[in-house]
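The structure appears right after this line, and notes come after that.
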Amino acid sequence: MPKTLDPYWEHIEAWRSLPARKRRVFSITGATAVGKTDFLAQVRRRISDSAWIDCQGLTADAVALRMREACRNDSNRGNLVIFLANVQYAGELLTSSEPTRVAGTLAPGFRRFGPREVWVMAEYDPELIPVAPNHEYEIALPERSPVDPAIERPQDEPLLSALAAAETRKIPLAVWQLLCASAESPATADELLTLANRRPEILSMAEDDSARIHRLDCGVIGSGSCRACRG
């Protein structure tokens with residue numbers, strides 16, 4: 001991720017001066033784990049009249065409601081920049097069409113709300129959403145490998161392959177164990193938890209007591225970026 005916004009700020013400010021008829025979504029794009037969300041947060045810190053919406057797990061309708069609520073918020077009295085984070089993870093299912101609805105329909109059409117002018121900046125991986133960004137208003141972060149070779153282990157591959165069979169983004173740990181057993185790669189709960197902790201770029205553990213594994217990146221698990229899922 002770029003260490004400073006300075007080389008991009010003039011471009012962002014020019015976008016913020018556009019009238020509604022010429023306004024486009026400003027896209028922050030790049031592969032998983034390159035720092036898109038952190039970059040978006042850096043931009044937000046420089047813009048006072050703004051709203052942050054994390055799209056993870058939300059339907060396009062739910063995102064739209066939050067965008068409207070942000071525009072109605074009395075604390076945002078001037079024109080508003082809405083930041084949409086984690087667009088690629090919208091919806092509950094890995095094959096959901098919600099990311100496309102947010103990036104392709106909702107965000108481009110949200111330019112004004114009543115008397116308030118609205119600009120939308122969104123971050124996502126274009127490899128995971130079939131919506132081409134407007135390259136004139138895009139910052140594409142340089143790619144880097146999402147997996148550190150030092151933590152990649154051959155014994156992880158069948159466990160990740162089993163997880164790739166799940167359709168939901170979040171699954172109970174016990175279900176992952178059953179998937180592993182069905183794939184003839186049995187594993188204990190502790191082994192799966194250890195794997196999740198070792199691979200935070202693609203897996204996370206729920207903070208509550210549900211013992212659910214959250215697949216952070218459907219592009220890494222099940223779509224060819226992970227060695228476990230190739231072929």
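The values are calculated or read from the model by the stated rules, or taken from the named source; none is laboratory data. Quick caveat: nothing in here was measured; it's all calculated off a predicted structure. We place every Cβ from the backbone using ideal geometry, glycine too, and count neighbours over all the protein chains shown. Surface areas here come from the heavy atoms of the whole protein model, side chains and all, with no ligands, DNA or RNA. Shrake-Rupley method; radii C 1.70, N 1.55, O 1.52, S 1.80 Å.
Details
- For the range 1-81, applying the loop criterion from DSSP together with a ceiling of 13 other beta carbons within 10 Å to the trypsin sites (Lys or Arg not before Pro) yields LYS3, ARG46, ARG77.
- With DNA, RNA and ligands ignored, accessible area of GLU69 (1.4 Å probe; Å², nearest 10): 120 Å²
- In Å², nearest 10: area of LEU128 left accessible to a 1.4 Å probe: 50 Å²
- Between LEU178 and GLU138, the distance separating the two model label sites (each 7 Å from Cα on the Cα→Cβ line) works out to 4.1 nm.
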